[in-house]
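Reading through the structure tokens given below for one structure.
Every read-out reported here was derived from the displayed coordinates using simple, explicitly stated rules and does not represent laboratory data. Predicted model only: the values in this text are computed from it and were never measured. Positions of Cβ are generated from backbone atoms using ideal geometry, with glycine treated the same way; all protein chains shown enter the neighbour counts.
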Amino acid sequence: MTTTTESHKRYFFEKFGLTERLLERCLGEALSAGGDYADLYFESVSATSIGVDESLVKSASQGVSAGCGIRVVSGERTGYAYTDNLSAERLLHAARTAALIASGPAKQPVTGFTETQSPNLYPIPAAELSSDLSTKLDLVMRADRAARAYDARIKQVRASYSDELKRILIAASDGTYASDTQPLARLSIFVFANDGNQATRGTSGGGGRVDISYFLTEKTPEHFANEAARTAILQLGAVAAPAGDMEVVLGPGWPGVLLHEAVGHGLEADFNRKKTSAFAGLIGRQVASSKVTVVDNGTMPSRRGSLNVDDEGSPTQETVLIENGILKGYLSDKLSARLMNMPHTGNGRRESYQQIPMPRMTNTYMLAGEDAPEDILRSVKRGLYAVNFGGGSVDITSGKFVFSASEAYLIEDGKITAPVRDATLIGNGPEALKYVSMVGHDLQLDEGVGTCGKDGQSVPVGVGMPTIKLDRMTVGGTGN
Amino acid sequence: MIQANRVTTDLQQLATDVVTKARKAGATDAEVVIREGDEFSTTVRLGEVETLKKSGSRGIGLRVFVGQRVASTSSSDFTSEGIDHLISGALALARVTSEDPFAGLADPSEFGQLDVDLQLYHEDVYSLPTEKRIEYARRCEAAALSADTRIQNSDGGSFDAATGRKVLANSRGFVGEYRSSYCSVSTSPIAMGKNGEMQRDYWYSTARTIQKLDTPESVGVEAARRTLRRLDGRRVKTQRVPIVFAPEIARSLVGAIFEAANGDSIYRAASFFTGKLGEQVAAESINVIDDGTIVGGYGSSPFDGEGLPTRRKVIVENGVLRTYLLNTYTARKLNMQSTGNAVRGLAGNPGIGSGNLYLEAGTFSQEEILREIKSGFYVTELLGQGVNMVTGDYSRGASGLWIENGELAFPVQEVTIAGNLKDMFRKITAIGNDLVFRGSVASPTLRIDGMTIAGE
């Protein structure tokens, strides 16, 4: 038991009057009609946000919420109830509601909790989030000034800084007992450019599980502002994106969203347990070129997708999904690991106490290869070089996925020529990575912007990739 | 329309108390929103209950003005200590924001609410016993599973229900409250094709009362039909042909028309509809309407997020842009009047949202529209968010059915469709007669010419 874990826990005990005895009573009540497993997930979140728009601070907000979700699992069945009132009476009522899923003799939770040992992957802010408002204000004003100074054609700038501190406490009938305090901060810039003929947009942003000093020393408001302004100005001169199958080079970093959509979701264990994923039954099979190794890693310090413990109280880990092109494993939570009799990878996540946890990604990236990025570009006769993306999505069952390029260029005879307008790229998950013919040595992780949606639940994630070349991908432009 | 300033419930009392306290603590104006809701959802998969979820929650949001400065706070803590924190927090934040001459609550003369019963709330949604609700989900999935031997798996059948109460009060005398209910039944079957390839599709019915829900069986049968027609799809060559958007897909284009006319983008000159009032922005046959006053409508409400009565607006009339969509702030920026389209979450400044938004039906049946097309693409699903509302660039993943000599011939998948919304709205060359509201945004079948399909 570490002292930090102790302090995460103490918060709930002091603020809401919880006791270990009450946690045990709730778990007992949750299993009063039988079931294999029950857990309690307490969550307390405070968040602040401040925004500058037209060089005025037009918004400042702060929110707090707290609640508890109680789950009972019986075979493949899950009962769930939550309450935003943490009194003993309401908690026990929620436990009885969740217990409706089971119908049998009462079961007893294991006696005594075992505290999950967890690392300290991120800083815990010393003060209340609202305490350094003037520093946050300064960050957004700096971003505004930098974007406007970039080019006279930048006509509108919006910048916002948001952060939250989420405290969680998890107790389960299998003895799991874990707690954590998770910071999350993000600076976002949105600009419009106009040259009198046309308007374009540019966005940028980043952050992670960091405190505010990160934006003063590592990634400054000027860095993000220049990036947003640069993209918008670039788009003023963009030509129509090409249409059809062609060679595609993806730049390092955020284009790793390709992995998230093309393979990541399809490897979440729930879809494979239900055999609804295009990847079901493909473990041990070739699903990518031999140059491709993809991992999911929740243990990277300060990363947006990282977690000391997942939302079921299990430690996170590095999981190899694809190794040299061969599918190695799935991302699992407790339920799917038990039902599939597969390794538990600590990927059980949820958006809030109001939702049932499920297997989710953390930070998903492709390991570096040996090619020089210049050589990769030089090898392309006619194709697309895409360096930034808006986002993507996937149909898990058919495997078809898309992602939308927001900054891309034509490659002609090995040289980058004109920037192109926004275009969607489409492919088939289990096939697309087989066309990876070159992998750069320049692995980068994204700057901390990703939010992943699944079944209506959003969670922060990270992605990463070196420069790669796909010999074939469909580019959805309007040009020739 | 009436000016309802009577406080009649506990939540209204709480809301007005918080407004009063905020004023006493130094706010020149204040606005409080309270939301309270219960939700139920269940999923049945392969005949067995998979999840059962039942709960309720509530939240309160406060927006304060100190002169021309604004800030907001929100909380799930309704204790007096929690409320004090909500108020002191908002006032502290308002000290760091800027003076904005356009900030402020609406003028008192603009407040009001519809005096008709919009029939947004029906008790039966929540009084239905749990076993009955599970039966809805089970029957829906079972109908899909038994439709065809190629359907052996499923993502389950679901039944969801929610009821909610929303209260809005401000320091300029507005107090309003309404309840709403919602229920839905849906299923997502999975079919397997000849070569082992899997396809999934989905169908659903939503309503404000159980009485108006489609039967679970009819939803299941339709979900199966939609799934089966996707099997053994192929790609097609890159080409330019007429594209027909099925109604459930066409509605996203109606949403794009609304977004292009959104006042927030207009005052920033960041929409391609900026400065286009009174000009032709779509084909002459196009009429687009936003109406928050339809009885029983999914997008109806007696007042908007700022306490203004909802209303009916013709956004596009015979292809001509007639109005922008505005809340109080954007109306002041543009020197116009709010259109009653403010939407308010618990936190932050009000945004802009639609009521019941639709493109008026035309006269052609879907068959008649297809019959005119020698070679084309009937789109039944779009993938991704590739729409740039600043430039109008549109590029999305698509699947559907190929049109050959006026008839649906074979399924198509893994292609994109691309164009620019500015052109696409003008090149709507046929409008179906099949307008049905399945949510708050609806469209009939639309044919659009001149778009590019990217494939092989």
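As a rough footprinting exposure proxy, the listed residues B:Ser375, B:Ser180, B:Ser271 were ranked by other beta carbons within 10 Å of their own, and the order from fewest upward is B:Ser375, B:Ser180, B:Ser271. For the range A:212-356, the alpha-carbon radius of gyration amounts to 1.31 times the rule-of-thumb value 2.2 N^0.38 Å expected for a compact globular protein.
Average 1/r across all pairs of distinct alpha carbons in the range A:112-230, invert it, and you get the Kirkwood radius: 16.3 Å. In terms of Cα atoms, the Rg and Dmax of the range B:266-322 work out to 13.6, 36 Å. Volume of the convex hull of the range B:162-292 (Cα atoms only), normalised per residue: 221 Å³. With loop defined by DSSP as not H, G, I, E or B, and exposure as at most 13 other Cβ atoms within 10 Å, which is the longest segment of chain B clear of exposed trypsin sites (Lys or Arg not before Pro)? In short, B:238-373. Shown for A:Trp254, B:Trp203: other C-beta atoms within 10 Å of each C-beta, ranked fewest to most, produce the order B:Trp203, A:Trp254. Across all Cα pairs in the protein assembly as shown, the calculated P(r) in 10 Å bins from zero up to the longest distance comes to 2, 11, 20, 27, 25, 13, 3, 0 percent per bin.
Cα-Cα pairs above 24 Å in the range B:1-138: how many percent? Counting pairs separated by more than 24 Å, the tail of P(r) holds 50 percent. Over the Cα atoms of the range A:51-185, the radius of gyration divided by the Kirkwood radius equals 1.18; this is the Rg/Rh ratio. Taking each residue as 0.36 nm, the span from B:Asp423 to B:Ala269 lengthens on full extension beyond its C-alpha to C-alpha distance by 53.5 nm.
Kirkwood-type hydrodynamic radius, the range B:136-216: 15.0 Å, calculated from all non-identical alpha-carbon pairs. All distinct Cα pairs of the range B:345-397 go into the 1/r average, and the inverse of that average, the Kirkwood radius, is 15.6 Å.
Rg of the Cα atoms in chain A, relative to 2.2 N^0.38 Å, amounts to 1.03. In the range A:346-480, the alpha-carbon atoms span a convex hull of 127 Å³ per residue. Taking the Cα centre of chain B as reference, the dipole from Cβ charges on Lys and Arg (+1) and Asp and Glu (-1) amounts to some 600 debye.
Taking every full run of DSSP H in chain A, the ones that stretch at least 18 Å from end to end by Cα along their long axis and average -1.0 or higher on the Kyte-Doolittle scale are A:133-150, A:221-236.
Positive contributions from Lys and Arg (+1) and negative ones from Asp and Glu (-1), summed over other residues with Cβ under 14 Å from the Cβ of A:Ala432, come out at -1.
This model, with +1 at the C-beta of Lys and Arg and -1 at the C-beta of Asp and Glu, gives the range B:296-343 a dipole about its Cα centre of some 120 debye.
For chain B, the equivalent ellipsoid built from the Cα gyration tensor has semi-axes of 42, 29, 18 Å, listed from largest to smallest. Taking 17 Å as the straight-line reach from the Cα of A:Lys328, the aspartates and glutamates in range (excluding those fewer than 8 positions away in the same chain) are A:Glu268, A:Asp270, A:Asp296, A:Glu318, A:Glu431.
When the dipole is taken about the Cα centre of chain A, and only Lys, Arg (+1) and Asp, Glu (-1) are charged at their Cβ, what size is it in debye, to the nearest 20? Please list the in-between numbers first.
Working: 48 positive and 56 negative charges, 135 e Å.
For this selection, approximately 660 debye.
Label points 7 Å out from Cα along the Cβ direction at B:Gln239 and A:Arg378: separation in nm? Between B:Gln239 and A:Arg378, the simple spin-label model gives 4.1 nm.
The base-10 log of I(q)/I(0) for the range B:210-284, evaluated at q = 0.22 Å⁻¹, reads -1.06 [Debye formula, identical scatterers on Cα atoms, solvent excluded]. Sorted from greatest to least, the principal axis extents spanned by the alpha carbons of the range B:66-208 come out as 68, 37, 33 Å. Of the residues B:Thr227, A:Gly329, A:Ile376, the one whose Cα sits farthest toward the positive end of the charge dipole of the protein assembly as shown, with +1 on the Cβ of Lys and Arg and -1 on the Cβ of Asp and Glu, is B:Thr227. Qualifying GluC sites (Glu not before Pro) in the range A:334-418, where qualification requires a DSSP coil assignment and no more than 11 other C-beta atoms within 10 Å, comprise A:Glu370. Residues A:Ser437, A:Ser404, arranged from fewest to most other Cβ atoms within 10 angstrom of their Cβ, appear as A:Ser437, A:Ser404. Counting only residues at least eight positions apart within a chain, or on another chain, the aspartates and glutamates with an alpha carbon under 14 Å from that of A:Lys415 are A:Glu247, A:Glu374, A:Asp375. Applying a DSSP loop filter and a limit of 13 other Cβ atoms within 10 Å to the GluC sites (Glu not before Pro) in the range A:59-137 leaves A:Glu128. Per-residue ellipticity at 222 nm computed for the protein assembly as shown from its helices equals -6000 deg cm²/dmol, with DSSP H segments shorter than 4 residues left out and the rest contributing -39,500 (n - 2.57). Checked against a 23 Å cut-off, the cross-linked pairs A:Lys400/A:Lys434; A:Lys275/A:Lys334; A:Lys155/B:Lys333; A:Lys9/B:Lys53; B:Lys54/B:Lys166 give Cα-Cα distances beyond that limit for A:Lys9/B:Lys53.
Just to confirm the filter: which GluC sites (Glu not before Pro) across the range B:113-218 are DSSP coil and have at most 16 other Cβ within 10 angstrom of their Cβ?
Answer in residue order: B:Glu123.
The residue list B:Gly348, B:Val288, B:Asn318 was ranked by how far each Cα lies along the charge dipole of chain B toward its positive end, using unit charges on Cβ atoms, and B:Gly348 comes out on top. For the protein assembly as shown, the residue among B:Leu168, A:Leu267, B:Ile448 whose Cα projects farthest onto the positive side of the dipole built from Cβ charges is B:Ile448.
Among DSSP beta bridges whose residues both lie in the protein assembly as shown, state the antiparallel percentage, nearest 5. Antiparallel: roughly 90 percent of the beta bridges in the protein assembly as shown. Put simply, the convex hull of the Cα atoms in the range B:329-456 casts, on average, a shadow of 10.3 nm². What is the sum of charges around B:Gly450, taking Lys and Arg as +1, Asp and Glu as -1, for the other residues whose C-beta is under 15 Å from the C-beta of B:Gly450? Net of charged neighbours comes to +2.
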